Structure formats: C-alpha cells, structure tokens
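So the structure is just underneath, and the comments pick up after that.
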Amino acid sequence: MRKTLFRSIIQAPVTEAPPPADAAALAELAASVDAAALRRLGRSLAIREVDAGSCNGCELEIHALNNAFYDLERFGIRFVASPRHADVLLVTGPVTWNMREGLERTYAATPAPKWVVAVGDCGFDGGIFAGSYAVAGGVSAVVPVDLHIRGCPPTPTQLLRGLLALLNAAGQDR
Amino acid sequence: MEMTAFDAITNGRTADPDHRPWPRFSVDEGTWAKTADALRDGECCLLGYWGERERVNLALGTPNLSAICVLSLENVDRVFPSLAAAFPPAARLERTIREMNGLLAAGAADSRPWLNHGRWPQVPEASAPSALDPHDKYTFLPVEGESLHQIPVGPVHAGIIEPGHFRFTANGETVVRLEERLGYVHKGIEGLMAGAPLAKAAQLAGRVSGDSTVAYALAFARAVEAATETVVPERAHWLRALMAELERIANHLGDIGAICNDAAFAIMLAHCGILREQVLRATATTFGHRLMMDRIIPGGVACDLNGDGRAAIEALVARIRRKFPELVELYDNTTSLQDRTVATGILRPALAQRFACGGVIGRASGRTVDARRHPGYPPYDQLAFDVPSLIEGDVNARVWIRIREVEQSLALIEQILSRLPEGAIATDIRARAEAGAAHTEGLSLVEGFRGDILVWVRLRADGTVDRCHPRDPSWFQWPLLEAAIEGNIVADFPLCNKSFNCSYSGHDL
Ligand code: SF4
C-alpha cells in the first residue's frame, strides 16, 4: 500500500501521451471547458446522470470521463448523487415507457437554471430502438433538451466537446 | 451406465430437423412435469425459458453442460403447466412469458407482472390483452414483524448506473429481505428483432447490454451460423476470441476498481480505470471502436487485425502484465479493504448450483462451468486456459475470480496473437431457402464477462429473423443477490451489488 502510494508520488503522472490527434483535441477542450466553466458557473458544474433506458454502453463512456486520462473533475465538473444538486442532467438511452416517469420526476427535482444533455444516438431519437412498443422516443420526447451528443456510444472526448458547447450555449441564454 | 435424468427426458425422441446444433424436441405435459422434477432435484439445469405465440421453449442442460437440448410445448392454448411451482428459479421467466406471449403458467406461486409496468401504450404482439392494468399498484411481498422498516431505492440511483428498484426491509442495520423490481429499461428488443434483416438484428443483439456487445454479437452470430450451417473461416474464430478476451479484461478491470471503490478504497479504482482506458484505446486503434460494437457479424468479423493493431495489443498486454500484479498485491495486502470484502454477501454454493448461475458469481461459489469449455466453441478447444473457481462465495471471492480471469485472458490473448491463422475473415450467410425448409433454428451459448449468454434464433427462408431470444446471464444472478444480501448491513449493499454487477439492460431486454 505505502509502496504504491509512494511510487505514485515520485513517478511521473501515469497519464501517458495519448495519440497526437486525440491529445490535441483534449488539450484544446480542457483549456476552454475550464475557462468557460469559471465564467459561467462559478467554477463548478454539477451533473446528474440519468439512464432512461440505455444499453449501458453510454454509461461506460460517461464513467470514463472520471478516469485519470480525462479527469473531469479538474475542470470543476463533477457528477452528483441528487438532481437537487445538479445544474445539468446528462440523459442516456431511448426513453423507455417504464422510465418516463422517473426521468420526468428527476427533471422536476432539478432546480433552475438547468440544462439537459441527451447522450448517444438513442438519446437523440431513440436510435436503433425507435419504433418499439416499449420506447417513448429520444430524450426530447419527454423533457426539453439543450444539447445532443451523438454517437453509439459517444467517446469521452466527444462528451467533453459537448459539455463545452453546452457551456457556450447556456451563456448566451442568460 | 445408469441413465441420467437428461437421457430419460430426451432418449428415443425425434429431434426437429431444422434446429441446430443441439436437438429440439416437442414434448407433452407429462415430460414437461418430469423435467420440472429433474430441475428441482438438480439433475438438469435451466439454460433458458421463453415463449412464442403458442409455444413455450425450454433450454435444458446436464449439470456440467456436457449435453444440451431444447424442449418445446406446442399448441399451448393460453395456459401451460408451471415449472416454477416445483422449481422457483423459473418464476421470473414465467412471469415474462405471460407478458410477452400471453401464456399463463398454471400453478405458479407468483403471477405478478414483471417487465410490464402497465405503461406501454400497446402490449407486445400476441400478449394477453392486459397483463397489468396501469392503475394497479404493484404489490411487493408483505412483511410482518416488529421493528422492521422499509427502504425503497431507485429506479434512479445515486451513481452512474442503470435503473432498477430495490426494496429493503431492515431490522435496524440488518437487511432481512431485499426485493428487486426490474424492467425499467425494457426496450422491446425481441419485438424489434422479429422481422428484421440479419444485419439490423445483429446490431440489436450487440446492444442488448452494451458492456457485453462483443459477447452478444458473437452469440447472435453463432446462433445464425448454426441455423444456416455456415462455416466460418478459421481466422474469424480467432479474431472473435481476441475481441471477447479484450472485452472480458476491460470489464473485469472496471469491476475490480469499482468494487474496491465501494469499499472506500478509491486508489484501486483510479489504477484499474487507467488500465481499462488503455484497453479501450487499444481496441479503438485495432478495431476502430472502443467497445468493439458491430465488429462481430454473422459469418465472421467486420475488420481484420493489421500490424498496428497487433502492436497496440502486444503493448497493452505487456503493460497490464507489468501493472496488474502491483494492484493485486495492493488488494491482497490491504487488510482494511478485505475487512469489507471477506465474508460479505455470501452466496451459498448450493443456491448458485440450483440457479445454474454462471460467470464470476457462480465460479466464486463453487461452480466450474464456463461456456468456453462446455459446451465449448472454437478456437477455445485449441487454447490452454484454466477456469478458476472458489468456494467461499463472498465479495472477496468474486474479486479474486475476476483477478484470475484477467490473468487467464491475458494468456489467451498471447496465444491467439502467436498462433493466429491466416486467411479470410468472413463468409456469406447461406440462405437456406433452396433447402426447402420454411424456417431454420439455431442456438448458441457464449461466455461473456458476466457468464453464459444464450441466443436462440429462428430465421425465415428469406434470411430475415422470425424470432430471436437473447437470454442474459443476469436472469439467474439477480435473484441470488436477494439471497446474498440477507443478514448483511444495508451499507454493504452497494459493495455486494457491485460484486455481482448484474445487467439491467440485458435482463430487461
Ligand atoms: S447510443 Fe449506443 S451505446 Fe448508447 S445507449 Fe444507445 S445503443 Fe447503447
């Protein structure tokens, strides 16, 4: 235990240089998310994630935002446990009829101003599950959506890029 | 040699000529009842149980999966005899058959709805007109006794996880009963598959549970290939296994980190998260998609391994080989962490056996089944690997099985890379219309990171899917979580739940 901790201190960050294109996008996003977050939201953005019917693929990539490579928290963006603490709802999946009320109530429990980001091709319009008797549609079929981040699933980099776009749009709204 | 219960059920029967690779028999209610007894007595295991318009199917295996078959009750007129009456592990499946196919299991103790929450604007085709009146309240099991209180949790949980409802009944800190309610992410996947062209159905299969996209795509492809007697090129088998082992490693790393994190040991999550991310980056480089979605297709694989990909995976394996032992040592030497995981959430081996529970959960409770070994599929018959098994059945055992399986998967990947055959990576799926059969049916069993995934498919003569039933390993694991948590403190539930890591989406379908 101590050995591992000690090594973590003396070693260079375990974060290795990602492939060039990726790294550039990440660095660029990192800087702008940080600046915009400071300006618009007083250094912090609280996100409540809601799985409204996803296949769990989108969740895996949202999780990845917390790993040492993307380290979302360094931007002041963090995931919170309750919608009452959230600025943003990050919603995945086609909204199933069985989750519709859960999503509506989570939205109602989130204090304004609030933004909704629909994640994935499913969150956009139901994706491959559109048209099923069990699916109400994309996220916007149930709650108003401010931004869609497409992809199946979107990569962590795409998710970061999307959060930045949201910050800019939210700034214009006010 | 003494005749086994499985033999007694299947001997002398004529199999349906269009079902492969294992036989499908039509049986009468007498045999159905005999099967229920064999299941109850542990002489056979239940691998799957699904309905159709007027038919109920049951995938049955010997306890070690050395033999498998499908039994069908045909011409069911709305009611059929319950298996769950004698064999409770079938209960949730019968509740689902009622909702999906409108066929009622007579004699079952529990006839409450399961996936149908009374919210669908229309019910699945052929289903009973009203499995649940939307205004009916779902009744949870009654609890009686002094000083008991209930804690309802979900469907929206505090973390970044899938939705489901847990109703705890606690006596002070101690859980006396957990009752699960699932179905929130039911997407109607079987309904979407019916009538779909093969390519669309394959994509749907790969999204039954996104964390197991490789395993599901593989299971679907193998069922289709069985039905159509398609011979897949050798190289494709090996590339499929490469993807499957990468998926297993990525998920196990994520789970090991997440379990430790739920015991407030965040450093493990951080380190495992790094390794997991490196797996996903290598798969993105190699196969063009971090989760490898849609890379396995009926007939083979959609992309080949080139020099860059090989280098990326070799580097990845070397890195994990270097880093992972340190993490294992860290886990092994941290007594405060083991204080949380040892003797927590114990699943008794007898219960795991009864539910034919597969995967890490089963193998941490004394089971030794692994679909890669039995019934087995290529190329695993040509590869050397162990199937780790422990008897303790606690959170700690489930962590250790995952650790050992990561090591086994690394060794498998090394073998695959060093012996990967040359040649084509895909072949066309033979349409069997010429063969004169209106329908062809195929079954497959594939080992995903959670356990054995079963896919059964019936294809029409034009090659489209008539009916497909994917069965997630979680069907036989979720009920066991209810048992494992009993007597533990409420605060240990996240730890137990994470150590099971059942799929919501795969179960809810
Ligand atoms: S967008 Fe893709 S990964 Fe996300 S929930 Fe839909 S199918 Fe799954």
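The values are calculated or read from the model by the stated rules, or taken from the named source; none is laboratory data. On a predicted model such as this, the values are computed, not experimentally measured, just so you know. Cβ atoms come from the backbone with ideal geometry, glycine included; neighbour counts cover every protein chain shown. Just the protein is used for accessible areas: all its heavy atoms, side chains included, with ligands, DNA and RNA removed. Shrake-Rupley method; radii C 1.70, N 1.55, O 1.52, S 1.80 Å.
Inspect region A:138-145 for any residue being away from the ligand (no atom under 15 Å from the Cβ) and open to solvent by less than 20 Å² (accessible area, probe 1.4 Å) and give the result as yes or no.
yes
Checking A:LEU72 against (1) more than 8 Å from chain B (Cβ to nearest Cβ); (2) within 16 Å of the ligand (Cβ to nearest atom); (3) open to solvent by less than 10 Å² (accessible area, probe 1.4 Å); (4) under 27 Å from B:ARG281 (Cα atoms): exactly one of these is not met. Which one?
Among (1) more than 8 Å from chain B (Cβ to nearest Cβ); (2) within 16 Å of the ligand (Cβ to nearest atom); (3) open to solvent by less than 10 Å² (accessible area, probe 1.4 Å); (4) under 27 Å from B:ARG281 (Cα atoms), A:LEU72 violates only (2).
Can you name the residue in region A:53-69 that is more than 12 Å from the ligand (Cβ to nearest atom) and outside any helix (DSSP H, G or I) and, of all such residues, is surrounded by the fewest Cβ atoms within 10 Å (Cβ to Cβ)?
A:ALA68
So which residues in region B:69-95 are among the β-branched types (Val, Ile, Thr) and either in contact with a Ser or Thr (Cβ under 6 Å, 6 or more places away or on another chain) or modelled with pLDDT of 95 or more (or both)?
B:VAL70
Keeping to region A:75-89, report how many residues are within 11 Å of chain B (Cβ to nearest Cβ) and in contact with a Phe, Trp or Tyr (Cβ under 8 Å, 6 or more places away or on another chain).
2
Give B:LEU58, B:LEU46 a once-over and let me know the one that is out of contact with any Lys or Arg (no Cβ under 6 Å at 6 or more places or on another chain), at pLDDT 95 or above and under 28 Å from B:ALA438 (Cβ atoms).
B:LEU58
Just give me the residues in region B:263-284 being outside any loop (DSSP other than H, G, I, E, B), more than 10 Å from chain A (Cβ to nearest Cβ) and over 15 Å from B:ARG402 (Cβ atoms), in sequence order.
B:ALA266, B:ALA282, B:THR283, listed by residue number.
Rundown of residues vs (1) within 19 Å of B:TRP400 (Cβ to Cβ); (2) at pLDDT 95 or above; (3) open to solvent by less than 50 Å² (accessible area, probe 1.4 Å), yes/no style:
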| site | (1), (2), (3) |
| --- | --- |
| B:ASP262 | yes, no, no |
| B:ALA266 | no, no, no |
| B:GLY273 | no, yes, yes |
| B:ARG281 | no, yes, yes |
| B:ALA284 | no, yes, yes |
| B:PHE287 | no, yes, yes |
| B:LEU291 | no, yes, yes |
| B:GLY307 | no, no, no |
| B:ARG319 | no, yes, no |
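Pairs, please: C-beta under 8 Å, at least 6 apart or cross-chain, first residue closer than 14 Å to B:ILE361 by Cβ and in region B:329-350, second of a type in the set (Lys, Arg)?
B:PRO349/B:ARG367
Here is a yes/no grid of residues against (1) open to solvent by 10 Å² or more (accessible area, probe 1.4 Å); (2) more than 10 Å from chain A (Cβ to nearest Cβ); (3) within 15 Å of the ligand (Cβ to nearest atom):
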residue	(1), (2), (3)
B:GLY183	no, no, no
B:MET193	no, yes, yes
B:PRO197	yes, yes, no
B:ALA201	no, yes, yes
B:SER212	no, no, yes
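Determine if region B:335-356 includes at least one residue that is within 14 Å of chain A (Cβ to nearest Cβ) and hydroxyl-bearing (Ser, Thr, Tyr).
Yes, there is a match, as at least one residue in region B:335-356 is within 14 Å of chain A (Cβ to nearest Cβ) and hydroxyl-bearing (Ser, Thr, Tyr).
Mind listing just one residue for me: the one in region A:122-137 that is surrounded by 23 or more Cβ atoms within 10 Å (Cβ to Cβ) and within 16 Å of the chain's Cα centre (by Cα) and, of those, farthest from the other protein chains (Cβ to nearest Cβ)?
Per the criteria, the residue is A:GLY123.
Return the only residue of A:THR92, A:THR96 being within 12 Å of chain B (Cβ to nearest Cβ), under 24 Å from B:VAL123 (Cβ atoms), buried (at least 19 other Cβ atoms within 10 Å of the Cβ) and polar (S, T, N, Q).
Matching residue, one of A:THR92, A:THR96: A:THR96.
Among the residues of region A:103-133, how many are within 25 Å of B:GLY154 (Cβ to Cβ), within 14 Å of the ligand (Cβ to nearest atom) and either among the hydroxyl-bearing types (Ser, Thr, Tyr) or in a loop (DSSP other than H, G, I, E, B) (or both)?
2
Yes/no per residue for (1) touching a strand residue (DSSP E or B) at 6+ places or on another chain (Cβ under 9 Å); (2) touching a residue at least 40 places away in the same chain (Cβ under 8 Å):
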residue	(1), (2)
B:ALA8	no, no
B:ASP18	yes, yes
B:ARG24	yes, yes
B:ASP37	no, yes
B:ASP41	no, no
B:TYR49	yes, yes
B:LEU60	yes, yes
B:ASN75	no, no
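Does region B:15-40 hold any residues that are at pLDDT below 95, part of a loop (DSSP other than H, G, I, E, B) and under 12 Å from B:CYS69 (Cα atoms), and which are they?
B:ALA15, B:ASP16
Could you please find all residues in region A:146-165 being within 13 Å of the ligand (Cβ to nearest atom) and more than 14 Å from every other protein chain (Cβ to nearest Cβ)?
Residues satisfying the conditions are A:HIS148, A:ILE149, A:ARG150.
Return the total of residues in region B:148-201 being of a type in the set (A, V, I, L, M) and within 19 Å of B:PRO494 (Cβ to Cβ).
Residues that pass the stated criteria total 11.
Scanning region A:99-121 for residues that are of a type in the set (Asp, Glu) and more than 9 Å from chain B (Cβ to nearest Cβ), which turns out surrounded by the most Cβ atoms within 10 Å (Cβ to Cβ)?
Result: A:ASP121.
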